[in-house]
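I have placed the structure first, in the form of structure tokens, so that the comments after it can refer back to it.
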Amino acid sequence: MIRLHLPQDLATQYGLGNPLELAPASTLVGLLAELSRTHPGLASRLLLSDGSIRPHLNVFVTDAAAPMQGRADTSLGSDDEIWVIRAVSGG
Amino acid sequence: MATDTILLVGTAKGLFRFRSHDRRVWRQDGLDFPEEPVYSAIQDARSGMLWAAPNSIFYGPQIRRSRDLGATWEASAETPAYAKDDPEAVTRIWSLLPGPAAQPAVLYAGVEASGLFRTDDGGDSWQEMTGVRRHATHDLWGAGFGGKCLHTLAQDPVRAERMYFACSTGGFYRSDDHGISWSAKNQGIRADFLPEGRQYPEAGQCVHKFTLSAKPGRLYLQNHGGVYRSDDSGDSWVDIGQGLPSDFGFPIVAHADRPDTAYIIPLGGAGGGRWPPDAKLSIYRTDDAGATWQAMRQGLPVNAYTGVLRDAFRTDSSDPSSLYFGTTSGSLFASQDAGEHWQEISAHLPRIHCVQTATAKT
């Protein structure tokens with residue numbers, strides 16, 4: 001299973017527990033598409049229409065030291081743990 | 001049954017709601033979408049439902065609806081978006097307009113980059129009205145300081161097939177076929193940011209706001225330099241800015257019943273700080289369709305180095321008119337006598353983007 005940690009404000013808006021235990025998917029795009037079947041619109045909150053990660057979000061996968069950049073079609077393992085985190089922003 | 005007045009105040013950091021029984025004593029009634037910039041929040045007169053468009057820096061724009069006057073908000077399943085291979089993207093939602101009374105599930109949304117969307121199912125799905133961005137003048141549209149936005153939408157109250165929009169920069173456009181195709185209607189509107197001799201183009205003007213009036217075919221318009229009136233639904237415009245201390249500003253509102261009465265809030269033009277002339281925050285009212293203007297500032301501050309944005313000024317249908325506006329420095333003002341006297345309802349809010357009135361039965 002894949003464990004997905006969402007920003008808490010987004011999880012609250014969609015009435016989701018956090019983190020989520022989800023069936024494996026080959027990419028983050030696929031994982032979020034599946035989640036959007038039961039929670040319409042959720043994927044578009046995290047990804048732009050061209051499939052890239054929204055610019056003020058960071059996505060970390062398992063032990064990666066740096067966030068996933070750009071497109072969200074990077075391959076996922078079947079037991080990866082993913083954190084979606086609001087990027088450093090102030091003001 | 002009594003009626004409360006609600007003010008929907010969209011700011012750079014959320015939607016604030018204020019409520020009053022008598023329109024003199026106000027209390028803050030709620031804060032929705034904290035941290036998220038809100039440029040449009042309205043009450044749909046057909047259903048009483050509230051609509052708002054928070055634009056999260058993290059999660060992008062979203063259209064929300066409330067069936068209980070803001071106590072709870074639902075998210076629409078889909079958000080207006082351009083196709084994945086489109087060179088432009090929808091980054092913010094600037095304007096919301098309920099559709100005709102006979103089509104209660106229809107709503108329109110004006111977006112950045114300038115474009116127009118329509119829902120036929122109460123907000124669950126959105127389709128782009130492609131005639132807007134396919135207009136022959138689309139290449140002339142650019143981004144003003146606020147962005148490249150379609151910020152104002154209106155439905156003609158007499159002719160159901162007639163709609164209007166304005167975008168910055170771009171100008172004023174009219175459709176006579178329910179929004180399928182559009183015509184640029186900028187004849188007489190000056191673009192003073194273009195070289196001499198080229199300041200009256202077909203399109204490319206920076207229209208800050210327009211409003212319908214109580215008289216069919218009459219509109220008022222505040223331009224990026226220039227205040228205008230049209231008596232032929234935008235086919236031609238006449239400059240009515242003479243006598244004002246500055247013809248630069250953002251909002252313009254019209255009296256609900258008196259077509260000769262309109263209100264503006266002038267700001268200094270280029271080199272004038274974009275704050276009120278002489279730093280005296282003032283409303284200017286015309287009662288003769290723009291031939292003359294009267295300044296009103298009783299209760300408003302001096303030494304006011306602030307501004308009022310295009311959607312942050314509103315009136316209602318009461319008599320005498322109630323007027324409300326919010327400033328970029330977070331003050332919210334109200335007048336219950338057509339602008340003669342003002343009270344500050346709230347201060348120290350975030351930068352105010354929009355002010356709208358709503359009602360609640362009590």
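Would you please put A:33-43, B:72-82 in order of how densely packed they are, using the mean number of other Cβ atoms within 10 angstrom per residue and starting with the highest? Mind showing how you got there, number by number?
Numbers: A:33-43: 15.9, B:72-82: 18.5.
Result, highest mean Cβ count within 10 Å first: B:72-82, A:33-43.
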Counting all Cα-Cα pairs in the protein assembly as shown, those more than 37 Å apart amount in percent to 27 percent
With a cut-off of 8 Å between alpha carbons and a minimum separation of six or more residues, what is the relative contact order of the stretch B:3-361 in percent? 12 percent
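Can you pull a Stokes-Einstein diffusion coefficient for the stretch B:1-139 at 20 °C (1.002 mPa s), Rh from Kirkwood over Cα pairs, as a whole number of µm²/s?
Values: Rh = 15.9 Å.
D = 135 µm²/s.
Using the Cα centre of the protein assembly as shown as the reference point, and only Cβ charges (+1 on K/R, -1 on D/E), how large is the resulting charge dipole? Debye, rounded to the nearest 20. Don't skip to the answer; put the middle values down first.
Values: 41 positive and 51 negative charges, 149 e Å.
In debye, rounded to 20, the protein assembly as shown gives about 720.
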Which of the lysines could be linked to B:K280 by a straight reach, that is with a Cα gap under 26 Å, when you skip same-chain ones fewer than 8 residues away? B:K209
Applied in sequence order to the stretch B:151-163, the curve 6.51 cos²θ - 1.76 cosθ + 1.60 (Karplus, θ = phi - 60°) yields integer Hz couplings, x standing for Gly and Pro, of 9, 9, 10, 8, 10, 5, x, 9, 9, 4, 7, 9, 10
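With a ≥ b ≥ c the root eigenvalues of the C-alpha gyration tensor of the stretch B:267-352, is it rounded (a/c under 1.5), prolate (a/b larger than b/c) or oblate?
Values: a/c = 1.75, a/b = 1.16, b/c = 1.51.
Oblate shape, in that a/c is at least 1.5 and b/c is the bigger or equal ratio.
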Could you list the square roots of 5 times each eigenvalue of the Cα gyration tensor of the stretch B:170-235, that is, the equivalent ellipsoid semi-axes, sorted largest first and rounded to whole Å? 21, 14, 9
Could you run the Karplus curve 6.51 cos²θ - 1.76 cosθ + 1.60 with θ = phi - 60° over the stretch B:56-65 and give me ³J(HN,Hα) per residue in whole Hz, x for Gly and Pro? 5, 5, 8, 10, x, x, 8, 9, 10, 9
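Ranked highest first by the average count of other Cβ atoms within 10 Å around their residues, in what order do B:247-256, B:233-242 fall?
My ranking of the peptides, most packed first, is B:247-256, B:233-242.
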For the stretch B:343-348, Karplus couplings with θ = phi - 60° (6.51, -1.76, 1.60), whole Hz, Gly/Pro x: 10, 8, 7, 8, 9, 6
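Could you tell me whether the stretch A:2-86 comes out rounded, prolate or oblate from its Cα gyration tensor? Rule is a ≥ b ≥ c as square roots of the eigenvalues, rounded for a/c under 1.5, then prolate if a/b exceeds b/c, otherwise oblate. If you can, show how the numbers build up before the last one.
Working: a/c = 1.26, a/b = 1.14, b/c = 1.11.
Because its axes are fairly even, with a/c under 1.5, the stretch A:2-86 counts as rounded.
Dipole magnitude of the stretch B:264-362 about its Cα centre, charges +1 at Lys/Arg Cβ and -1 at Asp/Glu Cβ only, in debye to the nearest 20? All intermediate terms of the calculation are to be shown ahead of the outcome.
Working: 8 positive and 9 negative charges, 81 e Å.
The dipole of the stretch B:264-362 has a size of about 380 debye.
Considering every Cα-Cα pair within chain B, what fraction, in whole percent, is farther apart than 30 Å?
Across chain B, Cα pairs with separations above 30 Å total 32 percent.
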Taking amide H positions as placed 1.01 Å from N in the peptide plane, with prolines and chain starts having none, which residues 5 or more places from B:S40, or on another chain, fall under 5 Å of its amide H? B:A53
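Please compute, for peptide B:73-83, the average count of beta-carbon atoms on other protein chains lying within 10 Å of each residue's beta-carbon.
Working: counts 1, 0, 7, 2, 6, 3, 4, 0, 3, 2, 2.
What the average comes to for B:73-83 is 3.
Each value in this text was obtained by applying a stated rule to the coordinates, not by laboratory testing. Note that the structure is a prediction, hence the values are computed from the model and not measured. Cβ: placed from backbone, ideal geometry, glycine included. Neighbour counts: every protein chain shown.
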